[in-house]
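**Q** Questions regarding the structure given below will be posed in turn.
The values are calculated or read from the model by the stated rules, or taken from the named source; none is laboratory data. The shown structure was predicted, so the numbers you read here are calculated from the model rather than taken from an experiment. Here Cβ is always computed from backbone atoms with ideal geometry, including for glycine, and neighbour counts include all displayed protein chains.
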Amino acid sequence: MSIKTVGVLGCGLMGGGIAQVSAAAGFKTIVREVNQAALDKGMARIKKFLDGGVEKGKMTAEQRDAVLGNLSGTTDFAAMKDCDLIIEAIVENVDVKTEAFKALEQVVGAHTIFASNTSSLCIMELAARTGRPDRFGGLHFFNPVPLMKLVEVIRALTTADETYKAVFDFAVAIGKEPVTAPDKSGFIVNRLLVPYLLDAIRCYERGLGTKEDIDNAMKLGCGYPMGPLTLLDFVGLDTTYYIANIMFDEYKDPMFAAPPLLKRMVLAGKHGRKSGEGFYKY
């Protein structure tokens with residue numbers, strides 16, 4: 001399978017980042033948003049990132065213009081009819097994702113591969129809701145996409161060998177380092193990371209130390225770039241809470257159960273950096 005034209009559903013932080021790295025690797029890339037305002041905001045974010053790269057000397061103005069030349073935006077599913085690969089990066093809701101895939105299937109060719117950037121949902125469940133379960137897989141990128149090297153490649157029980165190879169090779173072609181992850185909630189990274197983050201909240205609840213001491217202990221003692229409570233603010237407490245609930249539902253293991261403090265902070269609107277306050281104020 002030859003991938004030449006790439007579609008991305010969603011131009012938020014993840015979708016915009018995926019579209020950017022795809023275009024930077026030379027692929028004709030079309031990113032779709034639900035309305036023009038959301039699309040304009042996402043495209044402006046991409047341009048700002050690229051302009052920053054030029055200002056810092058990390059790329060030339062010509063290289064920036066080449067990336068932007070490979071990238072186009074749309075609010076119409078029909079504009080993605082010629083895509084060879086379409087990566088979905090929209091809200092973490094099975095029904096919403098399913099509706100998007102159904103709309104795409106009305107316009108794309110039989111050869112088009114679908115992939116989801118979901119961080120926690122079952123790839124097999126998504127694939128089974130389409131008419132191409134053999135041409136469906138998972139491509140889980142990490143934020144910020146242009147800077148993070150890892151991509152988890154997930155194959156469902158129905159994913160064809162050539163589909164798996166095509167999406168794996170695509171991840172390599174855009175400069176990432178792919179790993180093959182099982183189709184189990186959380187895949188590899190979140191399966192290991194989420195229990196660590198939830199346990200850090202439990203330790204803080206139980207008075208193990210101040211939030212600053214807990215974060216500094218893990219930074220200085222383990223060499224982590226940021227402590228767990230700072231990382232929670234960066235990821236989003238609401239996002240972590242949502243993923244934890246999905247993983248607890250999947251595994252029924254207490255280590256995935258959201259601590260009471262996390263639930264209350266989410267209900268209070270303290271979601272981390274994006275809301276201005278989480279464990280810390282921003």
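**Q** What is the residue count in the range 153-198 for residues that are closer than 20 Å to residue 231 by Cβ and of a type in the set (D, E, K, R)?
**A** 1
**Q** Moving on to the next point. Is it the case that some residue within the range 156-168 is closer than 15 Å to residue 14 by Cα, in contact with a strand residue (DSSP E or B) (Cβ under 6 Å, 6 or more places away or on another chain) and at pLDDT 95 or above?
**A** No, the conditions are met nowhere in the range 156-168.
**Q** Turning to a different aspect of this structure: Inside the range 105-114, can you point out the residues that are in a loop (DSSP other than H, G, I, E, B) and either closer than 15 Å to residue 78 by Cα or under 23 Å from the mean Cα position of the chain (by Cα) (or both)?
**A** Once the filter is applied, which keeps residues that are in a loop (DSSP other than H, G, I, E, B) and either closer than 15 Å to residue 78 by Cα or under 23 Å from the mean Cα position of the chain (by Cα) (or both), the range 105-114 yields 106, 107, 108, 109, 110, 112.
**Q** Quick check: anything in the range 177-186 at pLDDT below 95 and in contact with a Ser or Thr (Cβ under 8 Å, 6 or more places away or on another chain)?
**A** Taking every residue of the range 177-186 in turn, at least one turns out to be at pLDDT below 95 and in contact with a Ser or Thr (Cβ under 8 Å, 6 or more places away or on another chain).
**Q** For the range 201-281, which helices (runs of 4 or more DSSP H) that fit wholly inside it have 3 or more residues that are of a type outside the set (A, V, I, L, M, F, W, C), in contact (Cβ under 8 Å) with a residue 24 or more places away in the chain and in the same structural domain as residue 93 (by TED's automatic domain parsing)?
**A** Result: empty, no element qualifies.
**Q** Does the range 127-141 contain at least one residue that is of a type outside the set (S, T, N, Q), at pLDDT 95 or above, under 14 Å from residue 94 (Cβ atoms) and assigned to a helix (DSSP H, G or I)?
**A** Checked against the condition, which is being of a type outside the set (S, T, N, Q), at pLDDT 95 or above, under 14 Å from residue 94 (Cβ atoms) and assigned to a helix (DSSP H, G or I), the range 127-141 yields at least one hit.
Conditions tested, residue by residue: (1) out of contact with any Pro (no Cβ under 8 Å at 6 or more places or on another chain); (2) over 19 Å from residue 108 (Cβ atoms); (3) in contact (Cβ under 8 Å) with a residue 40 or more places away in the chain.
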{"residue": "13", "(1), (2), (3)": "no, yes, yes"}
{"residue": "20", "(1), (2), (3)": "no, yes, yes"}
{"residue": "32", "(1), (2), (3)": "yes, no, yes"}
{"residue": "41", "(1), (2), (3)": "yes, yes, no"}
{"residue": "44", "(1), (2), (3)": "yes, yes, no"}
{"residue": "48", "(1), (2), (3)": "yes, yes, no"}
{"residue": "56", "(1), (2), (3)": "yes, yes, no"}
{"residue": "72", "(1), (2), (3)": "yes, no, yes"}
{"residue": "81", "(1), (2), (3)": "yes, no, no"}
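**Q** Answer yes or no as to whether residue 149 is in the same structural domain as residue 11 (by TED's automatic domain parsing), in contact with a helix residue (DSSP H, G or I) (Cβ under 8 Å, 6 or more places away or on another chain), charged (D, E, K, R) and under 16 Å from residue 14 (Cβ atoms).
**A** So residue 149 fails the test.
Residues checked against (1) crowded, with 16+ Cβ neighbours inside 10 Å; (2) on the phi > 0 side of the Ramachandran plot; (3) polar (S, T, N, Q):
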{"site": "14", "(1), (2), (3)": "yes, no, no"}
{"site": "23", "(1), (2), (3)": "yes, no, no"}
{"site": "35", "(1), (2), (3)": "no, no, yes"}
{"site": "46", "(1), (2), (3)": "yes, no, no"}
{"site": "50", "(1), (2), (3)": "yes, no, no"}
{"site": "58", "(1), (2), (3)": "no, no, no"}
{"site": "71", "(1), (2), (3)": "yes, no, no"}
{"site": "75", "(1), (2), (3)": "no, no, yes"}
{"site": "81", "(1), (2), (3)": "yes, no, no"}
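**Q** Oh, and also: Would you call residue 164 assigned by TED's automatic domain parsing to the domain that holds residue 127 and hydroxyl-bearing (Ser, Thr, Tyr)?
**A** Yes.
**Q** Find the residue count for the range 170-218, including only residues that are farther than 30 Å from residue 21 by Cα and charged (D, E, K, R).
**A** 8
**Q** Does at least one position in the range 53-62 carry a residue that is outside the structural domain of residue 247 (by TED's automatic domain parsing), at pLDDT 95 or above and within 26 Å of residue 168 (Cα to Cα)?
**A** Scanning the range 53-62, I find no residue that is outside the structural domain of residue 247 (by TED's automatic domain parsing), at pLDDT 95 or above and within 26 Å of residue 168 (Cα to Cα), so the answer is no.
**Q** If a residue must be out of contact with any strand residue (DSSP E or B) (no Cβ under 6 Å at 6 or more places or on another chain) and assigned to a loop (DSSP other than H, G, I, E, B), how many such residues does the range 169-183 contain?
**A** Residues that pass the stated criteria total 3.
**Q** If you don't mind, there's one more thing I want to ask. Would you call residue 101 aromatic (Phe, Trp, Tyr) and either under 20 Å from the mean Cα position of the chain (by Cα) or buried (at least 23 other Cβ atoms within 10 Å of the Cβ) (or both)?
**A** When the stated conditions are applied, residue 101 passes them.
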